[in-house]
Each structure stands twice: as C-alpha cells, then as structure tokens.
Amino acid sequence: MDPWPIGVFASIDAGLGVQLDVAHGLKVPTIHLHAPAPNTRTAAHADQFLQKLDRLGIRLTAVFGGFDGESYADIPTTQRTVGLVPRESRAERTREMLEIADFARRLGCDVVALHLGFIPHRSTDRKSFEEVVDVTRRVCDHCAANQQRLHLETGQETADELLDFLQRTQRDNLFVNFDPANMILYGTGNPIEALRKVGPHVRSVHCKDGTWAARPGVEWGRETPLGEGDVGFENFLRTLHEIGYQGPLTIEREIAAEPERQKSDIGAAIELLNRLKSRILT
Ligand code: MG
C-alpha cells in the first residue's frame, strides 16, 4: 500500500460523516466509519455494506464507536456525556462497544476507535481513574480476541496525561487516533508537540483543522476547513513523516447539517493534502 492514502470520515445513519456515495464521488480510497445505529448492526446489513464498499472500491480502515446521549454542545456537556467515562451509562455503553467491535469484525476491520471521554486525573481522583483503566482493558481484551486494535481519539487529555493512561492500562493492542484539531478545540496543547510525544503510539489520524478559543479549555475553539485553522498542515504532515507514520490521512469535516459545503470543503482538503504529500514524500 502506498503511504498516506486519503480517507474521509463516513456515516451510514449515525454520526457526522459523509455518505459513501460522497466519498466515492470524491475518489477517496479509504474511510473511517461511524458505527451505525444499534438496530442496523446486523449480519445482513454488514454483508450489504461490504458489497457496497467492494463495488465502490473503498477500504474500511477503522470503525468508531458512538453512543446515544452523547453531546458535544460545549466542553462541560462533553465531559458529562461522552464515552465510557460517565458512570451511569458505562455498563450499557461498554456492552455496546463490544458489540460494535464484533460488528467491525464482521466488516473485516481490525481497528475499533472511540472518544473514551474525559479521563479523570490520577492525582486527584484515583478511584475513577482506575475504573476507566479497567473498562478500557476490558474493551481491549475483547478486541484482542477479535484480533483488533483499539485506538483512542485525542483531544480530551494533554499528551502527557494520555501517555500516562496508555502506560497504566498496559495493553499491547491499545493505540492512538491522533486528531490535531481536537488538541486546539479542547485547548489541551500544541498539536505538533503532542504528536511528537505520543508519536510511537499513533496508528491512525484525523485531518481536521480549527482555531484556538479566546479561553482555551473553558470554551470551544472553532472547527474550520482544512488549512484555514491553527494546526499548520504542512508542519503536521512533516511531523507524521518524521515519526514514520504511513497510514491513511482521514479527513473529518464535522458540518453534516451543511452537506454541500461539507463536500466542497472535503474536496479542497483532498487537494491540499495531495499537494503536501507530493512535496513531502518525494
Ligand atoms: Mg476526530
């Protein structure tokens, strides 16, 4: 496989990604898929979906878990509602995450990923931290039995906190999906410095851009079209090259309510990434 195939974040029914036909229309060869709604995670749907991917010549490189009741409305709401961290929904969502991993296996996909949520601080809330370590181990072990890896989406922790969490969890199929814009949107650190730190653990990336908030970490930064935010994509790609990353460059543009604009922004992002690829890889 050539290094850095272009990808796009896609959805069938749930999630903020583009539809498969849009990916195909833009000649994108790989996708990350937002896990479809629970009632469509069936063997029959999996077969249909695989046939469609095959027909369109698209390769599925990761399936992302997402859950009912999650809201990214603002940072405190995200903290309260997202991932496996909120205690009241943890058991049910964990069950669902294992089911998503099994659905991904049916699709022949060896990578499952998610936003774990805001991992509690080990120094101030040891008990909650250990609970999240335990649940992550459980998901990792289920994925390992499926011969899958689990990738954690970045942004909700600083690079140092994420490294500490990976080390404490001690699972050799646990890796990182690096999203540089999230570091900016959540205000958790300079994405290039963070990428250098967690580099050895990075096995997939999102190409998304954004600008810093006036009060980082308190309010959201703003997601922008690729190349118009504060990530610095040439620098980002050069750093990926430095750390030896060769996997897909999966574009995320989270404006599903504006499908035309989403499509044209992704088209422009593909052009930008291809320009940078030819400059950096040759
Ligand atoms: Mg992302």
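The values are calculated or read from the model by the stated rules, or taken from the named source; none is laboratory data. Everything numeric here is computed off the predicted structure, so don't read it as measured data. Don't worry about glycine lacking a Cβ; one is built from the backbone with ideal geometry, like all the others, and counts go over all protein chains shown. When the accessible area is computed, the model is the full protein with side chains, heavy atoms only, and any ligands, DNA or RNA have been set aside. Shrake-Rupley method; radii C 1.70, N 1.55, O 1.52, S 1.80 Å.
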Problem - Average accessible area per residue (Å²) across the chain - probe 1.4 Å, nucleic acids and ligands excluded - result: 44
Completion exercise
By the mean-Cβ-within-10 Å protection proxy, highest first, 148-156, 19-27, 43-51 rank as 148-156, 19-27, 43-51
Problem - Long-range HN-HN contacts of residue 175 with modeled amide H, under 5 Å - result: 150, 151, 152
Handout entry: Nearest-20 debye value, the chain charge dipole, Cβ charges on Lys, Arg, Asp, Glu
Key = 560
Completion exercise
Sorted list, accessible surface of protein heavy atoms, 1.4 Å probe, largest first, for 2, 179 is 2, 179
Handout entry: Cα gyration tensor shape of the stretch 6-281, rounded if a/c is under 1.5, else prolate or oblate by comparing a/b with b/c
Key = rounded
Exercise for the section: For 220, 212, write out the residues from largest to smallest accessible area, computed with a 1.4 angstrom probe and no ligands counted. Expected result: 212, 220
Exercise for the section: Give the shape of the stretch 1-134 as rounded, prolate or oblate, defined through the alpha-carbon gyration tensor: a ≥ b ≥ c are the square roots of its eigenvalues, a/c under 1.5 means rounded, and otherwise the shape is prolate if a/b is larger than b/c and oblate if not. Expected result: prolate
Problem - Spatially close lysines, pair count over the chain: Cα under 26 Å, gap of eight or more or interchain - result: 10
Problem - Average projected area [Cα convex hull, the stretch 127-258], square nanometres - result: 9.0
Handout entry: Ordering of 63-70, 92-99 by burial proxy (mean other Cβ atoms within 10 Å per residue, highest first)
Key = 63-70, 92-99
Practice task
Per DSSP H run of n ≥ 4, the term is -39500 (n - 2.57); total these for the chain, divide by its residue number, and report the mean residue ellipticity at 222 nm rounded to 500 deg cm²/dmol.
Solution key: -14000 deg cm²/dmol
